[in-house]
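Step one of this worksheet: look at the structure below.
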Amino acid sequence: QVQLVESGGGLVQPGGSLRLSCAASGFTFSSYAMSWYRQAPGKERELVAGITRGGSTNYEDSVKGRFTISRDNAKNTVYLQMNSLQPDDTAVYYCKAQNYYVVYWGQGTQVTVSS
């Protein structure tokens, strides 16, 4: 059974940090590109950051220099370190695994940035 379980979300003040984790099971994690998406209320889901099987990364422009995606294939986990958080970062954050046309999604974790 495939599972992607996100954790680490919560309420944080502007300027604060959070580290999201996505624990994968039920598939060969190292063979999949991993990414983080987010969806704010009333908006479409958007790509935040991605990491390939080989470790190459890409970021949405607004998070460059603030967010860092990483993966630990030994732990079947992908991370998103988020620093200097702003209210516009408030959203549900989703983990996605993809290998060609096979795509898995997690259930999401809420991140709220507010004073």
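The values are calculated or read from the model by the stated rules, or taken from the named source; none is laboratory data. Note that the structure is predicted; figures quoted are calculated from it, not measured. In this analysis, Cβ positions are derived from the backbone assuming ideal geometry, glycine residues included, and neighbour counts consider all displayed protein chains. Surface areas here come from the heavy atoms of the whole protein model, side chains and all, with no ligands, DNA or RNA. Shrake-Rupley method; radii C 1.70, N 1.55, O 1.52, S 1.80 Å.
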Would you mind computing, in nm to one decimal, how far apart the modelled labels at L47 and Y101 are, each placed 7 Å from Cα along Cα→Cβ? 2.0
Percent antiparallel among DSSP beta bridges confined to the chain, nearest 5, equals 95
Over the heavy atoms of I51, what accessible area does a 1.4 Å probe trace out, to the nearest 10 Å²? 10
Cβ under 11 Å from A97's Cβ, A97 left aside: what net charge do those residues give with Lys, Arg +1 and Asp, Glu -1? +3
Could you sort 95-104, 17-26, 52-61 so that the peptide with the highest average Cβ count within 10 Å comes first and the rest follow in order? 17-26, 95-104, 52-61
Identify the residues of region 20-34 with backbone N under 17 Å of a label point that sits 7 angstrom from the Cα of S56 along the Cα-to-Cβ direction, or state none. 31-34
With label points built 7 Å along Cα→Cβ from the Cα atoms of K75 and Q110, find their separation and express it in nm. 2.6
With all protein chains present, the chain has a carbon and sulfur share of its accessible area (1.4 Å probe) in percent of 45
Residue-normalised accessible area of the chain, given per residue in Å² at a 1.4 Å probe: 54
